[in-house]
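No lab work stands behind these numbers, since they all come straight from the coordinates. Predicted model only: the values in this text are computed from it and were never measured. Cβ atoms come from the backbone with ideal geometry, glycine included; neighbour counts cover every protein chain shown.
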Amino acid sequence: DIQMTQSPSSLSASVGDRVTITCRPSQSISRYLNWYQQKPGKAPKLLISAASSLQSGVPSRFSGSGSGTEFTLTISSLHPEDFATYYCQQSYGMPRTFGQGTKVEIK
Amino acid sequence: QAQLVQSGPEVKKPGASVKVSCKASGYTFSHYGITWVRQAPGQGLEWMGWISTYNGNTHYAQKFQGRVTMTTDTPTSTVYVELRSLTSDDTAVYYCARVVAAGTDAFDIWGQGTVVTVSS
């Protein structure tokens, strides 16, 4: 199985801050990497697919980059509604696997 | 608009089985596979498996092999997941999600989640 390691596991940030989350798969996955946002009590929401393709309706302050064994999700300027948990997920091999999540909290 | 609506909460005793449904609407059912993901209380997301709504092919995570069955009913645009021999470790929110077909295999639309509680 491909192990997905996210860092950090949690972070505290203020509104307006730039935030970067890293995801490292245990093997190369080309660009088969997706990012999700989950708020408490809600289903996850797809933000970015194929490493850098922003989903329709997702604000442009979200961006993704990377390939192979290192990927990043960046929020250029944190908004109040962005406080949530973020997960990366690989769609290169079976079984599909998720990172452990990064909780973005208010400082 | 495309959406997935899941069945209601379940409470089961250890050793029992549970069957959760996921009804699709707003898009062509057979054009997109469905995946199941679960989330134990306070934990992360765990992929359970995938089913093709076109031909019923499945792929299950090894952890659930022999204990899970995913099925599809095209006339009603509904997918089901059945999990047997439940233990307290199966207490979780179970989500279905649509799998994007355009090569990325991302999960673009999610159901609202079904809470399954296993308790004696």
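Where strands (runs of 3 or more DSSP E) fall entirely within region B:11-120, those with at least 1 residues that are farther than 21 Å from A:Phe98 by Cβ and small (Gly, Ala, Ser) are at B:18-25. Please work out which residue is farthest from A:Leu46 (Cα to Cα), limiting yourself to region B:1-10 and to residues that are of a type in the set (S, T, N, Q) and not in a strand (DSSP E or B). Going through the qualifying residues, I end up with B:Ser7.
Quick check on region A:74-102: of everything there that is among the aliphatic types (A, V, I, L, M) and away from chain B (no Cβ under 14 Å), which residue is surrounded by the most Cβ atoms within 10 Å (Cβ to Cβ)? If we take residues in region A:74-102 being among the aliphatic types (A, V, I, L, M) and away from chain B (no Cβ under 14 Å), then A:Ile75 is surrounded by the most Cβ atoms within 10 Å (Cβ to Cβ). Looking only at region A:43-57, filter to residues that are more than 13 Å from the chain's Cα centre (by Cα) and more than 8 Å from chain B (Cβ to nearest Cβ); which one of those is surrounded by the most Cβ atoms within 10 Å (Cβ to Cβ)? Per the stated criteria, the residue is A:Gly57.
Residues in region A:30-42 that are surrounded by fewer than 22 Cβ atoms within 10 Å (Cβ to Cβ), more than 22 Å from A:Leu78 (Cβ to Cβ) and not polar (S, T, N, Q): 1 in all. Among the residues making up region A:58-73, those that are within 14 Å of chain B (Cβ to nearest Cβ) and among the small types (Gly, Ala, Ser) are A:Gly64, A:Ser67. Across region B:42-60, the number of residues qualifying as of a type in the set (Gly, Ala, Ser) and buried (at least 19 other Cβ atoms within 10 Å of the Cβ) comes to 1.
Determine, yes or no, whether A:Gly93 is out of contact with any helix residue (DSSP H, G or I) (no Cβ under 7 Å at 6 or more places or on another chain), at positive phi and not in a strand (DSSP E or B). For A:Gly93, the condition - out of contact with any helix residue (DSSP H, G or I) (no Cβ under 7 Å at 6 or more places or on another chain), at positive phi and not in a strand (DSSP E or B) - is not met.
For every residue, the table says whether it meets (1) in a strand (DSSP E or B); (2) without any contact (Cβ under 8 Å) to a residue 40 or more places away in the chain.
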| residue | (1), (2) |
| --- | --- |
| A:Thr5 | yes, no |
| A:Ser12 | yes, no |
| A:Thr22 | yes, no |
| A:Leu46 | yes, yes |
| A:Ser65 | yes, yes |
| A:Ser77 | no, no |
| A:Tyr86 | yes, no |
| A:Gln89 | yes, no |
| A:Val104 | yes, no |
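Only one of B:Gly66, B:Gly44, B:Gly56 is facing chain A (nearest Cβ under 9 Å) and of a type in the set (Gly, Ala, Ser); which? Selected residue: B:Gly44, the only one of B:Gly66, B:Gly44, B:Gly56 that is facing chain A (nearest Cβ under 9 Å) and of a type in the set (Gly, Ala, Ser).
Conditions tested, residue by residue: (1) over 23 Å from B:Thr117 (Cβ atoms); (2) under 11 Å from the mean Cα position of the chain (by Cα).
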| residue | (1), (2) |
| --- | --- |
| B:Val11 | no, no |
| B:His31 | yes, no |
| B:Trp36 | no, yes |
| B:Ala40 | no, no |
| B:Trp50 | yes, yes |
| B:Gln65 | yes, no |
| B:Thr69 | no, yes |
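Count of region B:21-41 residues, restricted to those that are surrounded by fewer than 17 Cβ atoms within 10 Å (Cβ to Cβ) and either over 26 Å from B:Gln1 (Cα atoms) or within 12 Å of chain A (Cβ to nearest Cβ) (or both), is 2.
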